[in-house]
Amino acid sequence: MYHLDIRYFSRRRGQSVVAAASYRSGQRLYDRYYGETHDFTAKGGIVHNTILLPLNAPPEYSDRETLWNAVEYAEKRRDARLAREVECAIPTELTTLEEQIRLVERYVNTNFVEKGMIADVAIEDKDNGNPHFHCLLTTRNVSESGFGSKNRDWDKREYLEQWRREWANIQNHELERRGLEPVSHESYAVQDFGRTIERKPNIHLGHQVQKLEQIGIETDRMIEYREIIEHNRRECERQQERQRRRSRGRGR
């Protein structure tokens, strides 16, 4: 399943990027801007977290609390955009944490850190078939002295399309090496699967849906997810049967 979602954290919506970093990393962080402590150490499911710095960033920004408090203080506007987040599903075929870390950090370093962004990465895996990672990204240019001007180039649509394409490419390198079917970042309409297979796009399950499922409460979103999975499974089987028939026909 391919999933990549991009969202933004904004002061205009009353959001705190320190709180966001605390939740995603499963750590306790103090927010100096608001004078609040955010503690998500009991969250669970965080199997790996790290901060990846570009070469010119201050080394003290490798500390999560220091980094995101510096981001908050670099923003003066009441409606400031604080951070960008990229959330991606990790292929379940990567069964070890080492494989997951290697794939995720290769993608993040190539597409974000080498472009000048600081990346705060957290991999979440609750053994429920939905491993994924969150990547909080800074929006300002950074140097040895700290944060500078906003980098508006990173807001261009071409970057979003590139990030989506590259997440598919880097997964496919691993999947094809294992002899598995590749994924695509394009919609099914663009891929034109309709000629041979009527797939439905999958939906991502958030942590609240998974939490309710674990205690025996089935949500409408979980029901929809299972119906999509079953529909696509049947369509794949139909496609495989058509391919087998064509192969037998060519063999006569």
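Every number in this text was worked out from the coordinates using simple rules, so none of it is lab data. In this text, all values refer to a predicted model and were calculated from it rather than measured experimentally. Neighbour counts are summed over all protein chains in view; Cβ atoms, including those assigned to glycine, are modelled from backbone coordinates with ideal geometry.
Things worth noting here:
- Under-5 Å amide H pairs with ALA80, H placed in peptide plane, nonlocal only: ARG11, ARG12
- Applying the Karplus relation 6.51 cos²θ - 1.76 cosθ + 1.60 with θ = phi - 60° to the range 38-51 yields 3J(HN,Hα) values of 10, 10, 10, 5, 8, 4, x, x, 7, 9, 6, 8, 7, 10 Hz, where x marks Gly and Pro.
- Prolate/oblate/rounded call for the range 36-110, Cα gyration tensor, a/c under 1.5 rounded: prolate
- Amide H contacts under 5 Å for VAL142: GLY148, restricted to partners 5 or more places along the chain or on a different chain, H placed in the peptide plane at 1.01 Å from N.
- Rounded to the nearest whole Hz, the Karplus-based 3J(HN,Hα) values (6.51 cos²θ - 1.76 cosθ + 1.60, θ = phi - 60°) of the range 81-86 follow the sequence 7, 8, 7, 10, 10, 10, with x at glycine and proline.
- Integer Hz, Karplus 6.51/-1.76/1.60 couplings in order for the range 12-25, x for Gly and Pro: 4, 8, x, 8, 10, 6, 5, 5, 4, 5, 4, 5, 6, 8
- Highest mean first, the peptides 169-179, 13-23 sorted by other C-beta atoms within 10 Å per residue fall in the order 13-23, 169-179.
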